[in-house]
1. Please work out if Lys215 is over 20 Å from Gln262 (Cβ atoms), in the same structural domain as Gly173 (by TED's automatic domain parsing) and of a type in the set (D, E, K, R).
2. Pairs please, first residue from region 76-87 and farther than 13 Å from Ala154 by Cβ, second anywhere and among the acidic types (Asp, Glu) and part of a strand (DSSP E or B), Cβ atoms under 6 Å, 6+ apart in sequence or on different chains.
3. For region 127-154, what are the residues that are out of contact with any Lys or Arg (no Cβ under 9 Å at 6 or more places or on another chain), under 15 Å from Ala70 (Cβ atoms), part of a helix (DSSP H, G or I) and modelled with pLDDT of 90 or more?
4. Please enumerate the residues belonging to region 71-98 that are among the small types (Gly, Ala, Ser) and surrounded by fewer than 21 Cβ atoms within 10 Å (Cβ to Cβ).
5. Among (1) not in a helix (DSSP H, G or I); (2) not assigned by TED's automatic domain parsing to the domain that holds Pro71, where does Arg98 come up short?
Amino acid sequence: MAQENNGCATGCFTLLGLVALGFVLAYWQALLLAGLLILAIVAAVYALQQQNHRQLQALVDVADRRVRKAPCQVEENFGVIQSLKLAGDLQAPRVDVRCRTLTVNGKKLTTEEVCISLSPPAERQQLRSGGGVANWLRSGGIAQLEDLSVESKAVKAAMECLRERSWTNKALGKIDGLRSSVIDTLAKAKGNELLEGAIPQLQQALAAFNGEREKLQQANRSAGEMLRKLHDFLSVPAGIRPILNFDLDQLFDPQRFSALEQSFSEVVMLNDAFRQLSEDRLA
C-alpha cells in the first residue's frame, strides 16, 4: 500500500513538472521580459538608494565640520561633540554622534565616550544649517551650548585642563627619566677622567630638569584644582548658575599651557644638546 502511495505521488510530481515545463516553453518570452523588468527595477532602486546615501553622506560631513568640538550637554553630563558619522545601511541609514563627556571616576574628574545613534532628519537639508543641526541633535537628547554661555566656557576650560593634566603627567615621566640619567651619569663622572669634564654641564642640566619638574608639578596641581572647581560649578543646578558671578577668563589662562609646552621643549632640546656633546667627548 505504501509503495502504491509513493508511486502515485511520484507520478503527480512528474505530471506537474511536465505541465510547468510546457508553460515555460509556451510563454518563455513573456517570462524573460518579466525577469528583465524586475532586474531593471531592482537596479534602479539600488542606484537611487546609493545616490541618496551619497547625498546624505555629504550633508553629514557638513554637519560634522560644523559641530565638531562644540560644547554640549547629554542628559545631565557636559562634554563636547567629537564627530558625526554616517552608519547603518542603504535601507536604514543612521548617524552616530560621538560625544566625550565629563565624568567622575572615584574622586578624579575624567571623560568617557558616549555614542548616540540618531535617525537622519526627515528634512535632510536641515543638516546644512547650524540651527537645523542643533534642533535635530536636541531631538536626540544632545543639547549644544551657546558659545558665549558660561557653561560653554566652563566645558572648554575643563577639556583644556584635562589635556594639560594628561600632558604634564607624560612630561613628568619624561623629565624623571632624564633626571635619573643625569644623576646616574654624575655618579659615574666622579673620578672618571673621560666624564669629569662634563660635570658642569651635567649639573646645569640637572638644575634645569629640577626647575622644569617643579613647574610641571605645579601645573599639574593647578589643572587638577581648576578641574575640581569647574566640576563643582557645572554640578550646580541650572536654575542657580545664572546668579553665580565670576569671570572664567580670569581664572583660566590658556596661554599658560602654551608657555609650559615651550619651556619643556627647550629643556628637552638642552638634553639633546648635552647628549650630543657627551657623544662627541667619548668619540
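The values are calculated or read from the model by the stated rules, or taken from the named source; none is laboratory data. Computed from a predicted model, the values in this text were never measured in an experiment. Virtual Cβ from ideal backbone geometry, glycine too; neighbours counted across all protein chains shown.
1. It is false that Lys215 is over 20 Å from Gln262 (Cβ atoms), in the same structural domain as Gly173 (by TED's automatic domain parsing) and of a type in the set (D, E, K, R).
2. Listed pairs, sorted by first residue: Lys85/Asp96; Ala87/Asp96.
3. Within region 127-154, Gly131, Gly132, Ala134, Asn135, Trp136, Leu137, Arg138 meet the criteria.
4. Passing the criteria: Ser83, Ala87, Gly88, Ala92.
5. That leaves (2) as the condition not met.
Residue-by-condition table, conditions (1) surrounded by 16 or more Cβ atoms within 10 Å (Cβ to Cβ); (2) within 18 Å of Phe78 (Cα to Cα); (3) touching a residue at least 12 places away in the same chain (Cβ under 8 Å):
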position: Leu162; (1), (2), (3): yes, yes, yes
position: Thr168; (1), (2), (3): yes, no, yes
position: Gly177; (1), (2), (3): no, no, no
position: Ala189; (1), (2), (3): yes, no, yes
position: Glu193; (1), (2), (3): no, no, no
position: Phe209; (1), (2), (3): yes, no, yes
position: Arg213; (1), (2), (3): yes, no, yes
position: Leu227; (1), (2), (3): yes, yes, yes
position: Ile243; (1), (2), (3): no, no, no
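Table: residues versus (1) at pLDDT below 70; (2) closer than 30 Å to Gln126 by Cα; (3) not assigned by TED's automatic domain parsing to the domain that holds Ala134.
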| site | (1), (2), (3) |
| --- | --- |
| Val19 | yes, no, no |
| Leu37 | no, no, no |
| Ala40 | no, no, no |
| Ala44 | no, yes, no |
| Gln49 | no, yes, no |
| Leu56 | no, yes, no |
| Leu59 | no, yes, no |
| Cys72 | no, yes, no |
| Glu76 | no, yes, no |
